[in-house]
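The values are calculated or read from the model by the stated rules, or taken from the named source; none is laboratory data. This structure is a prediction, so every number in the text was calculated from the model and none was measured. When we count neighbours, we look across all protein chains shown, and the Cβ atoms used for this are built from the backbone with ideal geometry, even at glycine.
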Amino acid sequence: MRKFNFCAGPAALPEPVLRQAQEELLDWGGRGCSVMEVSHRSPEFTEVAETAEQDLRDLLQVPDNYKVLFLQGGATAQFSAVPWNLFGAGSQVADYIYTGQWAKKAIAEAQRYGRVNIVASSEDRNFTYAPGPDSWRQTGDAAYFHYTPNETIGGVEFDYVPEVSCPLVADMSSNILSQPVPVEKFGVIYAGAQKNIGPSGIAVVIVRDDLLDRAREDIPRSLSWNVAADAGSMDNTPATFAWYLSGLVFKWLKAQGGVGAMEALSARKSSMLYDFIDNSDFYSSPVEPGSRSRMNVPFVLADDRLDGAFLQQSEEAGLLNLKGHRSVGGMRASLYNAVPVEAVQALVDFMADFERRMG
Ligand code: PMP
């Protein structure tokens, strides 16, 4: 019996995808073995890899002058890969927007290899908003400009794409594939898989061709986008099962109507929850209205002594993983693509009932 899962990541996967993987686990397409048990260089896995890449390209309309890589080490490895790959030629300064915990980790890693200029920060109001371009202090000659379009912990999402004159780099881990994006405006997009792509173990990197020759000479081989691009993301053994499962998610997304449909669905799901919260005195959202994430909805109870009861009773009602991140407390409901409208309706119904009984 599957329950409604609001986990921030690793997150809910589409049920049809899990069923197909289950069906194919022992005998993948009549081969008498699973996809995990064949060479990554075999024709059958090559087809899995190439189809997944093509489907992702179709979904995000990735232009031909971009490489799509399927790498290991998660988004965290990319926090390091970004400065290693982009600080080699010329400027040793990068612009970063500081919007919360994930931006902070990206910044700390870049600071080890070059200078970081904080273009804008939302620390003044406890990371509850996405700073607008009017407040930026950009470097004239930055090697790149990095931001976190969706802060998974704080629940803050940018509703615009920054316009900058150097390569724009985005950590899209928690909102990739939830809306169309103008890929041509970005130099690099990267994302850990375990929210809107597939299971953990893989990170997708979409990088413009002309940025592949900017790496420091001493770059570790395993972090080099150029090496990965030359080897079709198979310089070493890739995470084959995660790649296969991500491919099934891409097929599922296409069947649902693609990222345009996900954008409409995300708007519907998140406004159901925010509208309910805004109409209640019992619950509140700490995030400023213009910056509220469609993917991760943090909320607090007016009386935090009821947090324990809320979590216990919601779990008993079949609503899983609503506890907020340990660094901020409260609750958080993550509404990624695989979370259906019925899950959000069930959550809102539970919250209303809890308020009636406990408020
Ligand atoms: N960036 C963001 C925005 C994230 O949400 C996460 C994971 N929750 C990470 C980076 C780190 O990803 P990983 O664990 O795949 O390294």
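Summary of computed values
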| item | result |
| --- | --- |
| Checklist (1) among the hydroxyl-bearing types (Ser, Thr, Tyr); (2) at pLDDT below 95; (3) closer than 30 Å to Glu15 by Cα applied to Ser178, failing item | (2) |
| Subset of region 284-305 [over 20 Å from the mean Cα position of the chain (by Cα) and either part of a loop (DSSP other than H, G, I, E, B) or of a type in the set (Ser, Thr, Tyr) (or both)] | Ser284, Ser285, Pro286, Glu288, Ala302, Asp303 |
| Selected residue [part of a strand (DSSP E or B), farther than 25 Å from Ile219 by Cα and at pLDDT 95 or above] from Ala120, Ala130, Ala94 | Ala120 |
| Residues located in region 217-230, provided they are surrounded by fewer than 21 Cβ atoms within 10 Å (Cβ to Cβ) and either at pLDDT below 95 or under 13 Å from Gly73 (Cβ atoms) (or both) | Pro220, Arg221, Ser222, Leu223, Ser224 |
| Qualifying residue in region 272-283 (condition: surrounded by 22 or more Cβ atoms within 10 Å (Cβ to Cβ) and assigned to a helix (DSSP H, G or I)) | yes |
| Tabulated pairs, region 172-183, first without any contact (Cβ under 8 Å) to a residue 24 or more places away in the chain, second within 13 Å of the ligand (Cβ to nearest atom), C-beta under 6 angstrom, 6+ apart or interchain | Met172/Pro149; Met172/Ile189; Met172/Ala191 |
| Where Trp102 falls short, out of the listed (1) surrounded by fewer than 24 Cβ atoms within 10 Å (Cβ to Cβ); (2) aromatic (Phe, Trp, Tyr); (3) assigned to a loop (DSSP other than H, G, I, E, B) | (3) |
| Qualifying residue in region 107-119 (condition: of a type in the set (Phe, Trp, Tyr) and either within 16 Å of the ligand (Cβ to nearest atom) or in contact with an Asp or Glu (Cβ under 9 Å, 6 or more places away or on another chain) (or both)) | no |
| Complete set of residues in region 50-71 that are touching a residue at least 24 places away in the same chain (Cβ under 8 Å), in contact with a strand residue (DSSP E or B) (Cβ under 7 Å, 6 or more places away or on another chain) and either in a helix (DSSP H, G or I) or within 11 Å of the ligand (Cβ to nearest atom) (or both) | Leu56, Leu71 |
| Strands (runs of 3 or more DSSP E) contained in region 154-216 and holding at least 1 residues surrounded by fewer than 24 Cβ atoms within 10 Å (Cβ to Cβ) and among the charged types (D, E, K, R) | 203-208 |
| Hey, Ser42 surrounded by fewer than 14 Cβ atoms within 10 Å (Cβ to Cβ), among the hydroxyl-bearing types (Ser, Thr, Tyr) and either away from the ligand (no atom under 16 Å from the Cβ) or at pLDDT 95 or above (or both) or not | yes |
| Whichever residue in region 119-152 is farther than 28 Å from Val300 by Cα and loosely packed, with under 14 Cβ neighbours inside 10 Å and, among such residues, is nearest to the chain's Cα centre (by Cα) | Pro133 |
